[in-house]
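Q: My questions will all concern the structure given below.
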Amino acid sequence: MSRYSKVKISRATIKDDDSFDINEIVKKNNEKHFMLRLSNPIINANVCICMVFEHDITHNVLKNLNEFRGLFAGSHVVFCVSDYVKTPIMDDLNFTSVFKLKTRETALKRNTYLQLFRNNISSFGYMIVADPVAFETPFNQTSLSCFNKASDWDVLFANQSYKYYDINNLFNYDTMNYHQERDIAVKRVMLKRLQYHIPRDSPPIEVSSAFGGFAIYKASSIVPDAVYKNDDHRSFNIIINRSTKRMYIDPRMVIETHPDLSVFYV
């Protein structure tokens, strides 16, 4: 890997009740060495890896993330973190943008990395959105076989090694009644039924929205009116789904279920 040190720390104070222009925070990057490039990549694709941190960034996550990006021909990493989050020295994680934002609104953080991606979209073929927990364990490169058949999809969401947990972001025929139900006790029973193990050899599951801690978006799928709202990934995905129905949970794209995810299971 190249050893250019290109970690950018951008501090922006944003109050939740302020209106602001994200373009004032995220400028188009014209630097020659914006992207980490590898000469013999496993996956011939340029990716922007986007992450939001609400807690301190651990060296373990950084180590596994660095190994993950080493699979790709070109990569840039974007961290959007709360201003109280500790960011360790990232000498081994070059070509990274870090935005420290004073806000409780996760949507503002996500729209910040989205704006960086849009401002530099000609540099990337894909936007990868990941929760930190996705890199608590090393990422198995066999889970990325989807890049061998990239013509078959526009957006893919991860599976879990245990049970699929992220029903709040999952919209398809099976979850319609769950999202319409208002009785909390009834929803809890429905949630337990919906959280089931998806075998790795299952066919892709068509969805209007999902997440599961890890998602891959083709650059061409990011339509101009797609933005994050205060409903996690749902609005963003559903707007994209208006333009493409090729959105799936990929059962082969397995994230190892970490103990931190136990709070999401019934």
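Q: What number of residues within region 211-253 are at negative phi, of a type in the set (Asp, Glu) and surrounded by fewer than 20 Cβ atoms within 10 Å (Cβ to Cβ)? Outline the logic, then answer.
A: Quick first cut of region 211-253, residues at negative phi only: 211, 214-231, 233-253.
Imposing the further condition that a residue be of a type in the set (Asp, Glu) reduces the set to 225, 231, 250.
This time we only want the ones that are surrounded by fewer than 20 Cβ atoms within 10 Å (Cβ to Cβ), so: 225, 231.
Qualifying residue count, region 211-253: 2.
Q: Which of the residues that make up region 59-78 are in contact with a helix residue (DSSP H, G or I) (Cβ under 8 Å, 6 or more places away or on another chain) and not in a helix (DSSP H, G or I)?
A: Passing the criteria: 71, 74, 75, 76, 77, 78.
Q: Then there's this: Provide a single number: the residues in region 67-110 that are at pLDDT 90 or above and surrounded by fewer than 20 Cβ atoms within 10 Å (Cβ to Cβ).
A: Residues in region 67-110 being at pLDDT 90 or above and surrounded by fewer than 20 Cβ atoms within 10 Å (Cβ to Cβ): 6 in total.
Q: May I pose another question? If a residue counts only when it is closer than 23 Å to residue 147 by Cα, which helices (runs of 4 or more DSSP H) contained entirely in region 160-266 have at least 3 such residues?
A: Passing ranges, in order: 234-241.
Q: Looking at region 114-128, which of the residues that are among the aliphatic types (A, V, I, L, M) and within 16 Å of residue 99 (Cβ to Cβ) is modelled with the highest pLDDT?
A: Step one: filter region 114-128 for residues among the aliphatic types (A, V, I, L, M), giving 114, 116, 121, 127-128.
Okay, now just the ones that are also within 16 Å of residue 99 (Cβ to Cβ), so 114, 116, 127.
Numbers: 114: 95, 116: 91, 127: 98.
The selected residue is 127.
Q: Answer yes or no: is there a residue in region 175-188 that is modelled with pLDDT of 95 or more, closer than 28 Å to residue 125 by Cα and surrounded by fewer than 16 Cβ atoms within 10 Å (Cβ to Cβ).
A: Within region 175-188 (the criterion being modelled with pLDDT of 95 or more, closer than 28 Å to residue 125 by Cα and surrounded by fewer than 16 Cβ atoms within 10 Å (Cβ to Cβ)), the answer is no, since none of the residues qualifies.
Q: Conditions: (1) touching a Pro at 6+ places or on another chain (Cβ under 9 Å); (2) surrounded by fewer than 22 Cβ atoms within 10 Å (Cβ to Cβ). Residue 140 meets all but one. Number of the miss?
A: Condition not satisfied by residue 140: (1).
Q: Could you list, in sequence order, the residues of region 181-208 that are free of Cβ contacts under 8 Å to residues at least 24 places away in the same chain and farther than 23 Å from residue 252 by Cα? Before you say what the answer is, go through the steps one by one.
A: First, the residues of region 181-208 that are free of Cβ contacts under 8 Å to residues at least 24 places away in the same chain: 181-187, 189-190, 193.
If the condition is that a residue be free of Cβ contacts under 8 Å to residues at least 24 places away in the same chain and farther than 23 Å from residue 252 by Cα, then 181, 182, 183, 184, 185, 186, 187, 189, 190 are the ones that fit.
Q: Does residue 177 satisfy the condition of being in contact with a strand residue (DSSP E or B) (Cβ under 9 Å, 6 or more places away or on another chain), without any contact (Cβ under 8 Å) to a residue 40 or more places away in the chain and either more than 26 Å from residue 72 (Cα to Cα) or in the same structural domain as residue 125 (by TED's automatic domain parsing) (or both)? Step through it out loud before you land on a result.
A: On the way: in contact with a strand residue (DSSP E or B) (Cβ under 9 Å, 6 or more places away or on another chain): no; without any contact (Cβ under 8 Å) to a residue 40 or more places away in the chain: yes; either more than 26 Å from residue 72 (Cα to Cα) or in the same structural domain as residue 125 (by TED's automatic domain parsing) (or both): yes.
Criteria not met by residue 177.
Q: State whether the residues of region 152-168 include one that is free of Cβ contacts under 8 Å to residues at least 40 places away in the same chain, surrounded by fewer than 21 Cβ atoms within 10 Å (Cβ to Cβ) and not β-branched (Val, Ile, Thr). Lay out the reasoning, then the answer.
A: Of the residues in region 152-168, the ones free of Cβ contacts under 8 Å to residues at least 40 places away in the same chain are 167.
Remaining after also requiring surrounded by fewer than 21 Cβ atoms within 10 Å (Cβ to Cβ): none.
Looking for residues that are free of Cβ contacts under 8 Å to residues at least 40 places away in the same chain, surrounded by fewer than 21 Cβ atoms within 10 Å (Cβ to Cβ) and not β-branched (Val, Ile, Thr), one finds none in region 152-168, hence no.
The values are calculated or read from the model by the stated rules, or taken from the named source; none is laboratory data. Note that the structure is predicted; figures quoted are calculated from it, not measured. When we count neighbours, we look across all protein chains shown, and the Cβ atoms used for this are built from the backbone with ideal geometry, even at glycine.
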